[in-house]
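Beneath this line is the structure, given in structure tokens, with notes to follow.
The values are calculated or read from the model by the stated rules, or taken from the named source; none is laboratory data. Computed from a predicted model, the values in this text were never measured in an experiment. Every residue, glycine among them, receives a Cβ derived from its backbone with ideal geometry; neighbour counts consider all protein chains shown. Just the protein is used for accessible areas: all its heavy atoms, side chains included, with ligands, DNA and RNA removed. Shrake-Rupley method; radii C 1.70, N 1.55, O 1.52, S 1.80 Å.
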Amino acid sequence: MALNFICTRRTVRYRFIFYSLWTLLFIGLGWVSNREEAAHFVGAVGLWYEPVLAGLVCGLLAGLLGLYMIWKRIVFVSLAITQGAGFGIFLSFLMASFWGVSLEHSPLSFLAGLAMAIATTFLFVSFRRSKKYADEVLVGLIYVISSGLIVLIGDRIAEGKHAIDNLLFGNAVAVTSDSLGLLVAIAAVIFALHWLFRREFLYSSADTEFMQVSGVRVDAWLTLLYLTLTIGITISMKTLGSLPVFALMVIPPFIALKKAKSPVEAVLLSVFVGGVIPPLGYYFSFLYSFPTGASMILAGFLFLMASWLESAF
Amino acid sequence: MSETLLTLDHLVIGYPGRSLSAPLALQIPVGVGVGVIGANGSGKSTLVKTLAGLIPPLSGSYQWGAGAHFGYVPQEDQISPLFPLTVRDLLKMGYHRSLSRLKPSSQDFVAAATEVLEQMQISTLPDDLFRELSRGQRQRILIARALMGHPSVLLLDEPYSALDDSFRGKLWESFAEWKVRKNFSYVIIEHDLNRVINQVDWVILLGPKETLFGPKAQVITQESLSRAYGAKLHLHEEDGEIQVHFL
């Protein structure tokens, strides 16, 4: 029995190989179908490496954080958080316009979004604790009200429709070295926290009552977990846009969990697929002049098809 | 005078606007098995959850003896099948306080897990998925998880419903041995009266109008059980064991 504890750790090697082959297949198909643009894409590496790197980091983050969204059955909360953050960003734009300054590339707009996202999360957590209302009601209300206010404010600020589109679908080419640096730093902190406190986060999520009776401060750990989710979602949304982030929070974890034999396997595969989808989306976007956010969602859908194929065998 | 395991000071359990017991006041010594019995809806699980710190008391208070640390076996596994947790993960959950943050496992964990799995007679592998085990195997794993932390008090909420008779018997034997050897105590809810009343020393009997508590011989009578369960029953002894038959 002792030997079993040491020797029987299963590997996820075959699943990594399978999804790596799919990635290569998509890259190859793109190359074959549009050789000229593909060569141009390789040649223009200086143009796209920062946005692609930013997309990759967001994908890695979403792959990790999305697992908890699915495990805690709060997938749609991520949508409410992104809209809450978006409302915060637009509110900061509106306030800045009164002062006659632009915040489009300022960290202040990110901080405003983060503050509103944190407020949304805590509103959700406290409503959930009170158990007076169904989660879906609150999530729906936050989403609808935030979305409505975003459109209203968007109508009154100088950035207007362009800013709303960026918020929803991201702006691939607008990633600067500074924003990439901030993203990488935040992602590194979140990954470090999730590794260091992996057991507290996972076990408190999986069996709250047992951990509480064992003397673990479950509320504190779950609050920290939600905080990392909120910050990760907000910074990713600011980079990629609301809908691609939502897709990245759902598709890679869904694929990973389909056949996962352990939490470690689920995390590794989800992070891997999450990291692959955005660069692939940029690639398709470049080759076929698709909108970048929609391209990422398309890449995610192609991986979903791959997972159905994997299930069939 | 032996050490005190648990002191209840006019403890009233229930949910806001709905109390489930009369005020409970008692002292239970260390090293005993306590059975919590009563009809469906009488508040058995609520009492154990209150004592476990999961639900606040409506009024009054309770105090565990110094140094008590708990193992908890819930009524049904609370773990969503969405979590791909292995048997190893479940055991780590019970052992998490002794695990290093930086290392995935330790020799001490392997030794403790091996011992507890052998005690639970579990033939599954550590890498088997918890959600794919049979209900009986899952219950054994949940008990194993609770024992991983070497608790001085085990709180069990109907842990035996899917366990076979021979394993149940062995578990009772282990509990009896630990009570003597390790000053171990347990509080158990069990809906099957015959299963539980011969294996515990103290009883908390939750009835619709009264709550009786104390050493088993003082609490378990034909009249007290009839009142608590609202049914006619016959109580007799057979081979030194109490048997209850509902009429």
Original post:
Quick check: anything in segment B:21-41 hydroxyl-bearing (Ser, Thr, Tyr) and under 14 Å from the mean Cα position of the chain (by Cα)?
Top reply: no
Original post:
What about B:Ile204, is it at pLDDT below 90 and surrounded by 14 or more Cβ atoms within 10 Å (Cβ to Cβ)?
Top reply: no
**OP:** Check off (1) surrounded by fewer than 16 Cβ atoms within 10 Å (Cβ to Cβ); (2) under 25 Å from A:Leu180 (Cα atoms) for A:Leu65 and give me the number that stays unchecked.
**Re:** (1)
Original post:
Can you tell me how many residues in segment A:94-116 are open to solvent by 20 Å² or more (accessible area, probe 1.4 Å) and touching a residue at least 60 places away in the same chain (Cβ under 8 Å)?
Top reply: 5
Subject >> helices (runs of 4 or more DSSP H) contained entirely in segment A:180-299, each with at least 2 residues that are in contact (Cβ under 8 Å) with a residue 12 or more places away in the chain and among the aliphatic types (A, V, I, L, M) >> reply: A:198-206, A:218-240, A:242-258, A:263-288
Subject >> The lone exception for B:Ile143 - which of (1) in contact with a strand residue (DSSP E or B) (Cβ under 8 Å, 6 or more places away or on another chain); (2) over 18 Å from B:Arg168 (Cβ atoms); (3) more than 9 Å from chain A (Cβ to nearest Cβ) it fails >> reply: (2)
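Go through segment B:122-161 and count every residue that is among the aromatic types (Phe, Trp, Tyr) and not in a loop (DSSP other than H, G, I, E, B).
Number satisfying all stated conditions: 1.
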Subject >> Residues (buried (at least 18 other Cβ atoms within 10 Å of the Cβ) and assigned to a loop (DSSP other than H, G, I, E, B)) located in segment B:55-81 >> reply: B:Pro57, B:Leu58, B:Pro74, B:Asp77, B:Ile79
**OP:** Output the residues belonging to segment B:138-162 that are touching a helix residue (DSSP H, G or I) at 6+ places or on another chain (Cβ under 6 Å) and open to solvent by 10 Å² or more (accessible area, probe 1.4 Å).
**Re:** B:Leu147, B:Gly149, B:Ala162
Original post:
Out of curiosity, is B:Leu154 more than 10 Å from chain A (Cβ to nearest Cβ) and not charged (D, E, K, R)?
Top reply: yes
Subject >> Residue ID - nearest to the other protein chains (Cβ to nearest Cβ), chosen from residues in segment B:106-133 that are within 26 Å of B:Ser80 (Cβ to Cβ) and surrounded by fewer than 17 Cβ atoms within 10 Å (Cβ to Cβ) >> reply: B:Leu125
Original post:
If you check B:Arg97, B:Arg101, B:Arg138, B:Arg195, which single one turns out to be modelled with pLDDT of 85 or more, more than 12 Å from chain A (Cβ to nearest Cβ) and out of contact with any Ser or Thr (no Cβ under 6 Å at 6 or more places or on another chain)?
Top reply: B:Arg138
